[in-house]
Amino acid sequence: MPVREGLARLEGVESISERCNRQYGTGELRLKQGRLTDPLVLSKQLAEIGVGARLRGLEATVDGFVEKKDGKPVLRVSKSNEILQLAPLTAKVQIDALNSKKPEPLTKREKQAYKDLMARLKKESVPARLTGPLRSGLKMEVRAFELR
């Protein structure tokens, strides 16, 4: 069974990209109602459907409100009110085009994204669109952001 067909069988999947991005070794999967999933859960589901693929990482682009919860930065997701803990970027999901065994190197802007976002967090709640890898426990590393 092809990977795309196997992923389409997972509960909550809304759509899957027709083709993967071969340069970065990535594909796009959207869940219904803007929901998010823990990467460990998705990795386990992918292994269980037996399509011969594994999850290297999971990156999301999410609209919501950047806030402080118990003194720590979080993103409250617009559609679901789920809370993502925010952290600086440690590694990208995209693979290096020259060495497919390594993540693509971080750009200067990506390294600085989290600090720049925190510097702009002056109000109690700032509407924003964040992009970055999801880590276990619904933690998001900020690779890029756009204030709304």
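Read-outs throughout are calculated quantities, based only on the coordinates presented, and are distinct from any laboratory measurement. Fair warning: this is a prediction, and the values are worked out from it, not measured in the lab.
Step through the residues of the range 130-136 one at a time and calculate ³J(HN,Hα) from phi using the Karplus curve (6.51 cos²θ - 1.76 cosθ + 1.60, θ = phi - 60°), rounding each to whole Hz and writing x for Gly and Pro.
10, 10, x, x, 8, 10, 4
Taking the range 3-147, how much of its Cα-Cα pair set, in percent, is spaced more than 18 angstrom apart?
On the way: 6069 of 10440 pairs.
Taking all Cα-Cα pairs of the range 3-147, the fraction more than 18 Å apart is 58 percent.
For each pair in K68/K108; K44/K139; K32/K68; K92/K115; K32/K92; K69/K92, compute the distance between the two Cα atoms and list the pairs where it is over 21 Å.
On the way: K68/K108 26 Å; K44/K139 18 Å; K32/K68 27 Å; K92/K115 17 Å; K32/K92 25 Å; K69/K92 26 Å.
Long pairs (Cα-Cα over 21 Å): K68/K108; K32/K68; K32/K92; K69/K92.
Helix 39-49 sits at what angle to the longest principal axis of the chain, using alpha carbons and giving 0 to 90 degrees rounded to 10?
Its long axis makes an angle of about 10 degrees.
Once you have a ≥ b ≥ c as the square roots of the Cα gyration tensor eigenvalues for the range 47-120, tell me rounded if a/c is under 1.5, and otherwise prolate or oblate according to whether a/b is larger than b/c. Spell out each step's value before the answer.
Numbers: a/c = 3.06, a/b = 1.38, b/c = 2.22.
It comes out oblate by the Cα gyration axes.
Report the relative contact order of the chain, percent, no decimals, based on alpha-carbon pairs under 8 angstrom and at least 6 residues apart. Walk me through the numbers on the way to the answer.
On the way: 265 pairs, mean separation 33.9, N = 148.
With pairs under 8 Å counted, the relative contact order is 23 percent.
Measure nothing fancy, just the Cα-based angle from helix 108-119's long axis to the longest principal axis of the chain, in degrees from 0 to 90, nearest 10.
40 degrees
So for the range 3-147: antiparallel DSSP bridges make up what percent, rounded to the nearest 5?
Values: 30 of 34 bridges.
Once the DSSP bridges in the range 3-147 are tallied, antiparallel ones form about 90 percent.
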